[in-house]
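K.L.:
Shown below is the structure under consideration.
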Amino acid sequence: MIAPSESEENRLTTDPRFRESVALFNAGEWYACHDGLEELWHETQGEMRPVLQGILQIAVAHLHLERGNIRGATVLMGEGVGRLQNQGEQALCLDLEALRKSVLPRLQRLQAGEELGDLPLPRLEAVDGGARPAPVH
């Protein structure tokens, strides 16, 4: 028998909307990514819910950055990193540790009131055996 969290994780990682949202995140299409992740987040009640929410908050933080809302971006990025802090190294076939490591310097610069400069945008990297993101249309 599959444990409930494994069943939920499998359901999410095989959902085309999740794969599309990952691809949109990696393409920097923050608004469209937000739409897909939020829909999945609303449908999820188990252990994967905070993982989805953390990724969603990081995406929305970047949308705020695009729109010049530094304070909103800083708050949401901090909440997203905090929500993912205790989620282990991977979930949803994604490398959460790599995501946290890429977002944390961005958050620290925002908190210090500094420009992000040449810091790369965060990406959602698939772990071995994970589903690859769908192509962005």
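Just so you know, all these numbers are worked out from the coordinates, no wet-lab data involved. None of the values given here were measured: they were computed from a predicted structure. Don't worry about glycine lacking a Cβ; one is built from the backbone with ideal geometry, like all the others, and counts go over all protein chains shown.
K.L.:
Check residue 94: other-chain or 5+ apart residues with amide H under 5 Å from its amide H, H built from backbone geometry?
P.N.:
127
K.L.:
Report ³J(HN,Hα) in whole Hz for each residue of region 9-20, in order, from the Karplus equation J = 6.51 cos²θ - 1.76 cosθ + 1.60 where θ = phi - 60°; Gly and Pro get x.
P.N.:
4, 5, 4, 5, 5, 9, 6, x, 5, 5, 4, 5
K.L.:
Residue 103: net charge of surrounding residues, Cβ under 14 Å, Lys/Arg +1, Asp/Glu -1, itself excluded?
P.N.:
+2
K.L.:
Compute a Gaussian network model of the chain, connecting alpha carbons closer than 10 Å, and tell me which residue from 34, 42, 64 fluctuates the most.
P.N.:
Of the options given, 42 has the highest mean-square fluctuation.
K.L.:
Tell me, what HN-Hα J-couplings in whole Hz come from the Karplus equation 6.51 cos²θ - 1.76 cosθ + 1.60 at θ = phi - 60° for each residue of region 104-114, using x for Gly and Pro?
P.N.:
Coupling constants for region 104-114: 4, x, 5, 4, 4, 5, 4, 5, 8, x, 9 Hz.
K.L.:
Quick check: from the Cα gyration tensor, does the chain come out rounded (a/c under 1.5), prolate or oblate?
P.N.:
Because a/c hits 1.5 or more and a/b exceeds b/c, the chain counts as prolate.
K.L.:
How large is ³J(HN,Hα), in whole Hz, for each residue of region 51-58 in order, when computed from phi with the Karplus curve 6.51 cos²θ - 1.76 cosθ + 1.60 and θ = phi - 60°, using x for Gly and Pro?
P.N.:
5, 4, 5, x, 5, 4, 5, 5
K.L.:
Using a 7 Å offset from Cα along Cα-Cβ at residue 31, what residues in region 56-98 end up with backbone N under 12 Å from the label point?
P.N.:
Under cut-off, by backbone N: 63-64, 66-67.
K.L.:
Residue 83: net charge of surrounding residues, Cβ under 15 Å, Lys/Arg +1, Asp/Glu -1, itself excluded?
P.N.:
Result for the local shell: -2.
K.L.:
Another question, then. Quick one: if you stick a label point 7 Å off each Cα along the C-beta vector at residue 98 and residue 119, how many nm between them?
P.N.:
1.9 nm
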